[in-house]
Amino acid sequence: MAGMSVLVVGGGGREHALCLGLARSESISDIHCAPGNAGTAEIATNHPFTEVADLIHLAFQLDVDFVVAGPEGPLCEGLADQLANMDIPCFGPVAALARLEGSKLHAKQIMAENNIPTAAFHVLSNGSDINAALDDFEGNPWVVKRDVLAGGKGVVVTESREEAKQFILESIASDGQVLLENFLPGEEASMLVVMDGSGFVCLPASQDHKREFEGDKGRNTGGMGAYAPAPVYTDDVRQKTIERIVKPMHKALASRRVPYRGVLYIGLMIDENNNPNVVEFNVRFGDPECQITIPLIASDLGELLNAAACDKLSTHDLMFHDKHALTVVLAAENYPGSVEKGRLIENIPEPSFESWVNHAGTKIDNSKIVSSGGRVLSCTAIGDSLEEAASKAYDLIAQIKLVGSHYRRDIGHKAL
Ligand code: AMP
Ligand code: GLY
């Protein structure tokens, strides 16, 4: 059988990891990426499109066998719906199901309907008694969540009542409503579940590092590094997560006329009694979780993603490497604040079988690789132990030259 052609949508570290996995897949002969980055350009054909209408047109013109959606934005705007109109399978859910990420309130409602463990919450709008709601969750930090896609900037966790109140008022003014959530203590883990109408398969659980500085200090970021498997995700936690969260969610999402086809990212908070609670759902691979999860999949990635796009997951066997993976993000100066783009990146090390550089915010300018975003690269390695993976990833990142760049030196510290 001739290999399949695929269009990967997106241009970050996650999409470079997807393209690298697809490039290793015997089932895949041709990879396109839109818009891609300097890394995907080495293994795929990049196309300079980000608008859904252009992406649909591109998929049709290229006559690809299927599309893999990286980010949530195009999915919320109906990428999968419109591809379905043209009989092009899409790895990534239709817009009505992508609302799980697009609206935190919608996610809460689905969780309530299906008895999924999550934090108690209030919905606040004009006229709500904000002080009474804040009183209700007094004694812990307050967790305020905007009900819109906010690119990782929609959540404030604060011990300052004043700051919480301010963010509530601003969010109501801009969005009409906002969620105030009970604070859940515990350890976080990211669970990626590939699912379709026929079944689901859980990928190794990972742990992200969201704050900008070592020791989980500083501002929230999209993620400064990650590793897998996460030891906090013990067999006990895994069983509880599958029974209490994954199975009921799959039942709810697979029983639709159009089932959920893609990956469900479950952000978990695991409490001191090993009970998992859902902090958030995303309708896509995590970034940088994708960079360390894909390399742990031993089976053909193209077949896996295509099976989920076509409701054939139940007939699919998935094998994993018995290894550890770790990635460290190299961020631009001042990230997660505004950054200067177009800075020269030098000394990017050559990949080996066990360590390589994922491109994220990079592009080629006059035959040189320059920065084009906040998270510029991530250095990834696999090893027989987490120590080994960490040491290789840090060896790589130390070689790279980018003026003003910074990275965390404690990725994986909780498990090491
Ligand atoms: P979210 O975008 O919903 O994942 O929230 C961003 C981050 O805020 C999470 O990764 C957690 O670290 C934190 N967070 C969100 N909700 C809660 C909660 N109810 N309790 C404690 N921390 C939370
Ligand atoms: N790394 C967190 C996310 O992708 O949402």
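The values are calculated or read from the model by the stated rules, or taken from the named source; none is laboratory data. This one's a predicted model, so the numbers in the text were calculated from it and none came from an experiment. Here the Cβ positions follow ideal geometry from the backbone for every residue, glycine too, while neighbour counts run over all protein chains shown. Heavy atoms of the whole protein, side chains included, go into the accessibility calculation; ligands, DNA and RNA do not. Shrake-Rupley method; radii C 1.70, N 1.55, O 1.52, S 1.80 Å.
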All but one of (1) part of a helix (DSSP H, G or I); (2) in contact with a Lys or Arg (Cβ under 6 Å, 6 or more places away or on another chain); (3) surrounded by fewer than 23 Cβ atoms within 10 Å (Cβ to Cβ) hold for ALA308; which doesn't? (3)
Out of the strands (runs of 3 or more DSSP E) lying entirely within the stretch 137-202, which hold 2 or more residues that are within 16 Å of ligand 2 (Cβ to nearest atom) and of a type outside the set (S, T, N, Q)? 142-146, 155-158, 187-195
Restricting the stretch 203-215 to residues that are touching a residue at least 40 places away in the same chain (Cβ under 8 Å) and part of a strand (DSSP E or B), which is farthest from ligand 1 (Cβ to nearest atom)? PHE213
Among what's in the stretch 106-140 and is hydrophobic (A, V, I, L, M, F, W, C) and surrounded by fewer than 17 Cβ atoms within 10 Å (Cβ to Cβ), pick the residue that is farthest from GLU159 (Cα to Cα). ALA112
If you go through ALA325, ALA307, the only one that is touching a residue at least 60 places away in the same chain (Cβ under 8 Å), closer than 15 Å to PRO93 by Cα and of a type in the set (A, V, I, L, M, F, W, C) is ALA307
Boolean, VAL283 is open to solvent by less than 10 Å² (accessible area, probe 1.4 Å), in contact (Cβ under 8 Å) with a residue 40 or more places away in the chain and either more than 17 Å from ILE116 (Cβ to Cβ) or touching a strand residue (DSSP E or B) at 6+ places or on another chain (Cβ under 8 Å) (or both): yes
Hey, among the residues in the stretch 338-369 that are aliphatic (A, V, I, L, M) and in contact (Cβ under 8 Å) with a residue 60 or more places away in the chain, which one's surrounded by the fewest Cβ atoms within 10 Å (Cβ to Cβ)? ILE364
Only one residue in ILE245, ILE266 is within 16 Å of ligand 1 (Cβ to nearest atom), in a helix (DSSP H, G or I), over 15 Å from LEU313 (Cβ atoms) and among the aliphatic types (A, V, I, L, M). Which one? ILE245
Take the stretch 395-416 and flag every residue that is crowded, with 20+ Cβ neighbours inside 10 Å and outside any loop (DSSP other than H, G, I, E, B). LEU396, ILE397
Given the criterion touching a residue at least 60 places away in the same chain (Cβ under 8 Å), within 14 Å of ligand 1 (Cβ to nearest atom) and charged (D, E, K, R), identify the matching residue among GLU159, GLU188. GLU188
For TYR260, work out the one condition from (1) within 17 Å of the chain's Cα centre (by Cα); (2) within 16 Å of ligand 1 (Cβ to nearest atom); (3) in a loop (DSSP other than H, G, I, E, B) it doesn't fulfil. (2)
Would you mind listing the strands (runs of 3 or more DSSP E) fully within the stretch 1-104 where at least 2 residues are out of contact with any Cys (no Cβ under 9 Å at 6 or more places or on another chain) and open to solvent by less than 40 Å² (accessible area, probe 1.4 Å)? 4-10, 28-35
With the requirement that a residue be hydrophobic (A, V, I, L, M, F, W, C), under 30 Å from ALA133 (Cα atoms) and out of contact with any His (no Cβ under 9 Å at 6 or more places or on another chain), what does the stretch 180-238 give you? PHE183, LEU184, ALA189
Of the residues in the stretch 376-394, those that are open to solvent by 10 Å² or more (accessible area, probe 1.4 Å) and touching a Pro at 6+ places or on another chain (Cβ under 8 Å) number 1
Given the structure, is VAL143 buried (at least 18 other Cβ atoms within 10 Å of the Cβ) and either farther than 30 Å from ALA254 by Cα or charged (D, E, K, R) (or both)? yes
Condition broken by ASP271, with the remaining ones in (1) more than 16 Å from ligand 2 (Cβ to nearest atom); (2) over 21 Å from MET111 (Cβ atoms); (3) in contact (Cβ under 8 Å) with a residue 12 or more places away in the chain satisfied: (2)
Top-ranked residue of the stretch 73-124 - restricted to ones that are out of contact with any Asp or Glu (no Cβ under 6 Å at 6 or more places or on another chain) and of a type in the set (Val, Ile, Thr), ranked as farthest from ligand 2 (Cβ to nearest atom): ILE88
